[in-house]
Amino acid sequence: MNNPIKGLYAWVLDWAERPTALWALAIISFAESSFFPVPPDVLLIPLVLGNRNKWIKLALVTTIASVAGALLGYWMGWQLWWSAEGVFSPLAHFFFRIVPGFSPETFALMRQKYELYNFGIVFTAGFTPIPYKIITISSGAFLINFPMFLIASIISRGGRFFLVAFLIHWFGEPIKTFIDKYFNWLALLFTALLIIGFVLLKGIL
């Protein structure tokens, strides 16, 4: 049986060989923050490998487009997540059906977490493999503080994509293989170190 997600990955990678690859990178980065399932890293990595001197430009395009997509996700949550009666809209039920483990119950728990860890939740989802679209949409649905949401998105998305692009630029093909194999662990490690840094900084201040 064909795996539709695997097919999407192959389709994204195919754009790396085309003249319009930069536009494809921007569009995929934008879409992934609100509805598309394949992360832009899949296209960013081969593009940096083929244009290692342009890693800053490629990371910047990915970051800007991803944050723009996050704004769309926030708007979707704000304007489209609830029906006129204050219950879940058809869009909400669609996401509950297609996203594994995402349900009205987990959505309610997210509201409690937002009340405690606003910045931390948005940042962690923006940098790690947690589906960012869930966070962007739910942030809008819960009317999370918008400036905080925007700052957390810029820092987390920029940190992730510039780190990946820099490593590919510096190490080339060997680091690509390493990132492909251990990216989830590396992202979680970086996030843990950053949280420890915030805790230490708070203690000092």
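Coordinate-derived values only; no laboratory data. Here the structure is a predicted model, which means the values were calculated and not measured. Backbone-built Cβ (ideal geometry, glycine too); neighbour counts: all protein chains shown.
Structural remarks
- Net charge, Thr106 excluded, C-beta distance under 14 Å - Lys, Arg +1, Asp, Glu -1: +2
- Of the three principal axes defined by the Cα atoms of segment 18-169, the extents in descending order read 52, 30, 24 Å.
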